[in-house]
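Visitor: Let me give you the structure first, and then I'll get to my questions.
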Amino acid sequence: MKKTVVAAVIGSVVASASAMAAEVYKSDDLSVNVYGNLRARYETTDNGHMGADSTFTGEGTELGLSINYFMDNGMYINGDVLKEFNIIPEDGDGFDDGDFLKFGSVAIGGEFGEFRMGRMSAVQDTLAGQYDITWEYGGTANIKSDAAATDRLTNGIEYKIDINDFTVMAQYHTGTESDDIDIDQAFALGAAWNSNFGLGLSGTYTQSERTERSTYFGDDKDTSWTLNATYEWQALSLAAMYSDYDFAGDEQTGVGAMARYDFPMGFGLYGVYDYVDYDTKDNKLNQYTIGADYWLTSQVVSYMEYADQSFDTEKTAIDGQKMFDDNAFTIGMRLYF
């Protein structure tokens, strides 16, 4: 969940993980901040496809450290590390995430923009998918993965600049990623614009070259592009996304949309729709997610969600991926600091 609409409707802490950081050291030219969140939830599913069945989990809990050094000429150096923990393991469903380094990078910035190197969020992960304001189950149409350099980058170089209401990003990446896929090189471009009357637009493009051809689809290039629109009017938030992917010959198209209404007392209701056309695999997915959340304080949120996921045909795809209908329910709480 990554973002104009996100910042407006579920708190700026989600849009910027260090927004509520605890400052542990401060001088004229140096600041050290600790940030993160604690998570706990109960989840149940029908078929175990969307998650675990009847279990408690603390998966996704994060702890980060940010160090900033400010220079006299207006430039700065930033170092940022974020680790993810699974403090309450799920009960034998096979989907547990172990503890791992989520982000770790160093940047130099100033009026010219910012250059960053290390393990970081990909351009698509940063700028796309604003329609996904769910806590757990949405975002299916925002198809992305480390293996295609569209989620996280292990060895990335990034340039980013903010000019008035525009943000422009460019990335280059090389390295070994998940699913035993080695990326020879990848590059990505993205731009976002936010108006002063509630409208936001963004787009991303990513292309990566694998070191070997796909076993199932025969190609060695991954390409993806996304278009996103958001609109905010008083307590109502709307967003939509279109995405197009070709993962080494595996062609997919996604459409996502959401509506959310926030009441004055900190209570919100939302609904999200995800559609994916698995063209190469001759299948289609429809997913509906509804939810409600309540901010007890500016740092503590409780929520519940229900999602229904259905395929045109329940089957095992040509790449071995199982496509099974499922529905899921979760109730949880997060504490941000």
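The values are calculated or read from the model by the stated rules, or taken from the named source; none is laboratory data. Every value quoted in this text rests on a predicted model; they were computed, and no experiment measured them. As a convention, Cβ positions derive from the backbone with ideal geometry for all residues, glycine included, and neighbour counts pool all protein chains shown.
Visitor: Return a yes/no flag: does the stretch 111-119 have any residue that is touching a strand residue (DSSP E or B) at 6+ places or on another chain (Cβ under 8 Å), surrounded by fewer than 19 Cβ atoms within 10 Å (Cβ to Cβ), over 30 Å from L238 (Cα atoms) and at pLDDT below 90.
Guide: Within the stretch 111-119, none of the residues are touching a strand residue (DSSP E or B) at 6+ places or on another chain (Cβ under 8 Å), surrounded by fewer than 19 Cβ atoms within 10 Å (Cβ to Cβ), over 30 Å from L238 (Cα atoms) and at pLDDT below 90.
Visitor: Within the stretch 137-168, which residues are over 30 Å from T215 (Cα atoms) and crowded, with 22+ Cβ neighbours inside 10 Å? Even if it seems obvious, please write down each step before you answer.
Guide: Here is the first cut: in the stretch 137-168, the ones over 30 Å from T215 (Cα atoms) are 158-168.
If the condition is that a residue be over 30 Å from T215 (Cα atoms) and crowded, with 22+ Cβ neighbours inside 10 Å, then E158 is the only one that fits.
Visitor: Given the structure, is A186 among the small types (G, A, S) and surrounded by 22 or more Cβ atoms within 10 Å (Cβ to Cβ)? I'd like the intermediate steps shown before the answer.
Guide: On the way: among the small types (G, A, S): yes; surrounded by 22 or more Cβ atoms within 10 Å (Cβ to Cβ): yes.
Answer is yes for this residue.
Visitor: How many residues are closer than 16 Å to S208 by Cβ and surrounded by fewer than 21 Cβ atoms within 10 Å (Cβ to Cβ) when one looks only at the stretch 231-249?
Guide: So in the stretch 231-249, the residues closer than 16 Å to S208 by Cβ come out as 243-249.
Then drop every residue that is not surrounded by fewer than 21 Cβ atoms within 10 Å (Cβ to Cβ), which leaves 244, 246, 249.
Residues that pass the stated criteria total 3.
Visitor: Take the residues in the stretch 24-51 that are of a type in the set (D, E, K, R) and under 20 Å from the mean Cα position of the chain (by Cα), then tell me which one is farthest from K322 (Cα to Cα).
Guide: Filtering the stretch 24-51 for residues that are of a type in the set (D, E, K, R) and under 20 Å from the mean Cα position of the chain (by Cα), the one farthest from K322 (Cα to Cα) comes out as R39.
Visitor: Can I ask one more? Find all pairs meeting these conditions: Cβ atoms under 6 angstrom apart; at least six residues apart or on different chains; first residue within the stretch 285-305 and surrounded by fewer than 17 Cβ atoms within 10 Å (Cβ to Cβ); second residue among the polar types (S, T, N, Q).
Guide: Partner pairs satisfying both residue conditions: N286/S310; Y294/S302.
Visitor: Can you list residue pairs whose Cβ atoms sit under 6 Å apart, with the first residue in the stretch 21-35 being part of a strand (DSSP E or B) and the second being hydroxyl-bearing (S, T, Y) and at pLDDT 85 or above? Count only pairs 6 or more apart in sequence or on different chains.
Guide: L30/Y69; N33/S66
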